[in-house]
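Novice: Structure below; questions to follow.
The values are calculated or read from the model by the stated rules, or taken from the named source; none is laboratory data. Only a predicted model underlies this, so the values are computations on that prediction, with no experimental measurement involved. Please note: Cβ atoms are built from the backbone with ideal geometry, for glycine as well, and neighbour counts cover all protein chains shown.
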Amino acid sequence: MIELSYSLSRGKTEILIEKGSLSILSKLEERSFVVYAAGLRKMVSDLVDSSRHVTYPLDDGEDGKDADSVIDICRKLSEEGFKRGSTLVSVGGGTTSDVAGMAASIYMRGMKLISVPTTLLAMVDASLGGKTGVNLRGIKNMIGTFYSPSRVIIDPEIIRSLPDNLMSDGLGEIAKYAIAMDDEMFEALLNNGPELFMSGNRNLEHWISRCVKIKMDIVSKDEFELTGKRSILNFGHTIGHAIEASSGFSLSHGVSVAYGMMFELDMGLKMGLTSEDTVTRARELLKRLNLPSGIDSSRFKEHTASIIDLVYSDKKNSGRKIRIPIPDRIGHCNLVEIDTEDVKNYLESALK
Ligand SMILES: NC(=O)c1ccc[n+]([C@@H]2O[C@H](COP(=O)([O-])OP(=O)(O)OC[C@H]3O[C@@H](n4cnc5c(N)ncnc54)[C@H](O)[C@@H]3O)[C@@H](O)[C@H]2O)c1
């Protein structure tokens, strides 16, 4: 069992990482509103006493991750008489924590939130740090809030039922931490491969907690993304998000971030910001994790214009410069301001 605690603007976020901790769902004391990923219906109905608590299944994928879902949850909360001091529990992956977190943040200007992440991506990233986001008019994460849960309960064993593509999504974010922020985890991943994060590994709690600490240490220094410190977490995401969106979301998040990391490292190499050895070693790790490890320009050629447009329109960018985290060596990353024209020129030549 690993317990972590972080002080954030709304108070403490307590994080428990323990095999079997999912049983918390059968021990909820006060009457709670449980939003869960529809695919987890059986698991939730086995654990949550629906005669005492209200359960709300959320449609899977980007369909469920819509502003309408947030309003529908708020409507149901109101119909069921929930108050500001009541608890909303989110059970699922990043889609569920984004939607449920946003509903909890706006219902009566904020209710108590407990997050129970059930995908690897949600355990190491999406359920942490308080960013919520839902789609509006089909535009991804168009509206959102910052609202940290008071408790995050991580039962690592739940990932045993995850299909390979969802494991890859989590591994994409984990590779990001390793390449840009943690050289020891980089070596461990290179030696053990994806098995390091598979259910059954007796050190799984340790490795998940290592990712949680990386993210939460950064978030607690810049909760609202105001000083730039939190932007380091976006390594691979500036170009990765653009690739994901330009594929119409047919490429998954983890795969897109892996491409994004390789493009951003290649750009760093061409601009003299990162070493050749760093690029080679990062490629080796991504290959070991069965993630894309090359820049594969032919694949994106026909999307060049939309990728460039999407990089420009990223809500985190403004003015004539784009801030991009670029590792200078494995385990270390600098936030670099690059002229938008230079990024454009790089992408035009790399995607040729
Ligand atoms: N707010 C943030 O900080 C943040 C960070 C990263 C990603 N995200 C968001 O997270 C979303 C992706 O989340 P995700 O990758 O966790 O997937 P997801 O939440 O979309 O879930 C994908 C599928 O996994 C199923 N599932 C969940 N747990 C399972 C389990 N234990 N076993 C088997 N199936 C299970 C769900 O029912 C669903 O069908 C994206 O919308 C992304 O934008 C948010």
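Rundown of residues vs (1) surrounded by 23 or more Cβ atoms within 10 Å (Cβ to Cβ); (2) under 16 Å from A178 (Cα atoms), yes/no style:
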{"site": "I239", "(1), (2)": "yes, no"}
{"site": "A242", "(1), (2)": "yes, no"}
{"site": "A245", "(1), (2)": "no, no"}
{"site": "G254", "(1), (2)": "yes, yes"}
{"site": "V257", "(1), (2)": "yes, yes"}
{"site": "M271", "(1), (2)": "no, no"}
{"site": "T274", "(1), (2)": "yes, yes"}
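Novice: Just checking, does region 120-129 include any residue being more than 22 Å from R41 (Cβ to Cβ) and over 12 Å from the mean Cα position of the chain (by Cα)?
Specialist: No, every residue in region 120-129 fails to be more than 22 Å from R41 (Cβ to Cβ) and over 12 Å from the mean Cα position of the chain (by Cα).
Novice: Give the residue that is nearest to the ligand (Cβ to nearest atom), with candidates limited to residues of region 31-42 that are free of Cβ contacts under 8 Å to residues at least 60 places away in the same chain and out of contact with any His (no Cβ under 9 Å at 6 or more places or on another chain).
Specialist: If we take residues in region 31-42 being free of Cβ contacts under 8 Å to residues at least 60 places away in the same chain and out of contact with any His (no Cβ under 9 Å at 6 or more places or on another chain), then G39 is nearest to the ligand (Cβ to nearest atom).
Novice: Picking from V343, V311, which residue would you name as being assigned by TED's automatic domain parsing to the domain that holds R230 and under 24 Å from the mean Cα position of the chain (by Cα)?
Specialist: Going through V343, V311 in turn, just one is assigned by TED's automatic domain parsing to the domain that holds R230 and under 24 Å from the mean Cα position of the chain (by Cα): V311.
Novice: OK, next. So, in region 23-51, how many residues would count as being outside any strand (DSSP E or B), buried (at least 17 other Cβ atoms within 10 Å of the Cβ) and touching a helix residue (DSSP H, G or I) at 6+ places or on another chain (Cβ under 6 Å)?
Specialist: 3
Novice: Please go through region 68-109 and give me each residue that is surrounded by fewer than 16 Cβ atoms within 10 Å (Cβ to Cβ) and either within 16 Å of the ligand (Cβ to nearest atom) or of a type in the set (G, A, S) (or both), ordered by number.
Specialist: Scanning region 68-109 gives D68, S78, G81, G85.
Novice: Taking interchain pairs and intrachain pairs at least six residues apart, which have beta carbon atoms under 8 angstrom, with the first residue in region 76-91 and farther than 14 Å from L58 by Cα and the second charged (D, E, K, R) and not in a loop (DSSP other than H, G, I, E, B)?
Specialist: The qualifying pairs are R84/R109; G85/K112; S86/K112; T87/K112.
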